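Structure first, commentary second.
Throughout, read-outs are computed from the coordinates displayed, never taken from laboratory work. These numbers were taken from a predicted model, which means no experiment stands behind them. Virtual Cβ from ideal backbone geometry, glycine too; neighbours counted across all protein chains shown.
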Amino acid sequence: MKIDKGLIGGSTTLLILSLLKERDMYGYEIIRELEMRSDNTFKFKEGTLYPVLHKLENEGYIISYRNKGSTGKERKYYQITSKGEKQLIEERKQWNIFSTSVNKVIGGESHGFSTL
Amino acid sequence: MGFQRSKEFLDTVLSYVKFPFDKEDIRMELQEHIWDKIDYYTQQGLTYYEAEEKAIKDMGDPKEIGIQLNKEHHPLIGWLYLASKVLVILFVIINIFMTVPVIVDLGYSIFDDKLIREIPKEDIVYKIDVNERVQIDDRVINFKNVVYDKNGTLHISYYYYDKKLWGSGWSLGTIGIITDDKGSKHYRGSSHTTGGIVSKGMVSVENFRKDAKTLIIEYDRYNRYYKLEIPLKSGENIE
């Protein structure tokens with residue numbers, strides 16, 4: 001199943017901040033990582049990632065810098081800030097509350113997956 | 001040929017971004033993403049043309065991306081950001097000029113004051129290196145030398161400058177009231193100054209007491225005050 005939707009809105013902040021918590025990444029890497037980890041469930045319109053990244057940067061959750069990665073090509077990397085880490089904790093909490101509530105409503109599957 | 005589709009896509013996206021200074025960064029970032037995706041597809045065996053087509057398709061609607069990006073690169077915020085950068089640069093420049101006094105003092109302490117050098121050597125009874133600095137607002141006055149000549153005239157040389165580049169520009173009317181430890185006041189004296197970023201000046205006080213041990217320069221105007229006491233060579237040192 002593929003959920004083909006724009007990256008704007010929803011739980012994208014949570015997903016992006018979670019990935020950047022592990023390491024700095026550039027846009028293309030973030031897309032690949034999201035696809036891979038969700039077994040291709042998250043198949044995005046890739047270009048829509050950038051307005052989200054730039055929004056997170058404007059909000060001070062992430063910062064960007066240009067650097068040569070392992071491939072030797074220069075890319076624009078994003079790094080989570082301490083403000084972003086605090087936001088990530090908050091978003092996780094909200095997500096847990098949300099998914100628990102949804103699961104309760106739809107019949108108590110403890111590992112249920114929300115497509116919202 | 002190559003990248004033509006990419007260029008069209010990027011041009012469309014950027015046509016919605018109003019703030020000019022962010023455009024190149026955005027173009028570069030999206031371009032790199034498309035290149036990476038083209039690489040991915042060509043490695044899977046697609047031709048370059050097919051790979052580019054697919055890569056562009058994966059990006060999504062350029063109009064929607066452009067509109068969303070424009071929201072995050074709002075002209076007002078952009079200009080404010082730019083203005084803040086300009087302010088930072090100005091601040092740095094100001095700070096550089098704050099260090100001007102140090103440089104000026106270094107330079108001037110090496111060379112004798114030209115005005116003082118105009119006094120014939122044979123006329124000089126004694127000369128004292130003063131190098132005392134006072135400051136009124138942003139105006140720095142450095143008293144350099146005091147020369148006493150055989151005619152009984154005391155020459156006080158100094159230079160002054162503004163710490164800020166756009167200094168108040170007021171000319172130094174007076175360096176203050178000149179007295180000595182014997183209580184003689186010298187309101188008058190000839191003085192002349194030369195302009196420039198650093199102005200040089202010399203006040204010559206005629207009939208200064210030979211036996212004065214201390215020269216006192218006191219400035220008290222417009223709520224600004226300083227007082228300098230400069231020890232003089234007197235008595236046996238003279239002649």
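Is the shape of the range A:37-93 best called rounded, prolate or oblate, per the rule: a/c under 1.5 gives rounded, else a/b larger than b/c gives prolate, else oblate, with a ≥ b ≥ c the square roots of the Cα gyration tensor eigenvalues?
Numbers: a/c = 1.72, a/b = 1.13, b/c = 1.52.
Oblate is the answer for the range A:37-93, as a/c is 1.5 or above yet b/c matches or exceeds a/b.
Given R₀ = 41 Å, FRET efficiency for B:Ile124-B:Arg224 by Cβ-Cβ distance, to 0.05?
On the way: r = 32 Å, r/R0 = 0.79.
According to the calculation, E is roughly 0.80.
Structure shown: which of B:Lys127/B:Lys213; B:Lys7/B:Lys63; A:Lys73/B:Lys7; B:Lys37/B:Lys57; A:Lys45/A:Lys86; A:Lys76/B:Lys18 lie over 18 Å apart, alpha-carbon to alpha-carbon?
Those over the limit are A:Lys73/B:Lys7; A:Lys45/A:Lys86; A:Lys76/B:Lys18.
Under a plain spin-label model, where a point goes 7 Å from the Cα along Cα-to-Cβ, how far apart in nm are A:Lys68 and B:Glu24?
So the label points at A:Lys68 and B:Glu24 sit 2.1 nm apart.
How do B:Glu53, B:Glu8 line up, fewest other C-beta atoms within 10 Å first? Don't skip to the answer; put the middle values down first.
Working: B:Glu53 15, B:Glu8 12.
Ranking B:Glu53, B:Glu8 by Cβ neighbours within 10 Å, fewest first, gives B:Glu8, B:Glu53.
Within 10 Å of each candidate Cβ there may be at most 10 other Cβ atoms; applying that plus a DSSP loop requirement, which GluC sites (Glu not before Pro) in the range B:118-159 survive?
On the way: sites: B:Glu118, B:Glu122, B:Glu132; in loops: B:Glu118.
Passing sites in the range B:118-159 are B:Glu118.
Could you tell me whether the range B:26-65 comes out rounded, prolate or oblate from its Cα gyration tensor? Rule is a ≥ b ≥ c as square roots of the eigenvalues, rounded for a/c under 1.5, then prolate if a/b exceeds b/c, otherwise oblate. Numbers along the way, then the final one.
Numbers: a/c = 3.05, a/b = 1.68, b/c = 1.81.
The shape class here is oblate.
Starting with the fewest neighbours, write out A:Ser11, B:Ser204, B:Ser157 ranked by other beta-carbon atoms found within 10 Å of each beta-carbon.
On the way: A:Ser11 15, B:Ser204 19, B:Ser157 24.
The fewest-first ordering by Cβ neighbours comes to A:Ser11, B:Ser204, B:Ser157.
Please enumerate, by chain and number, the lysines with C-alpha under 18 Å from the C-alpha of A:Lys93, excluding those fewer than 8 residues away in the same chain.
Straight-line reach from A:Lys93, under 18 Å: A:Lys21, A:Lys83, A:Lys104.
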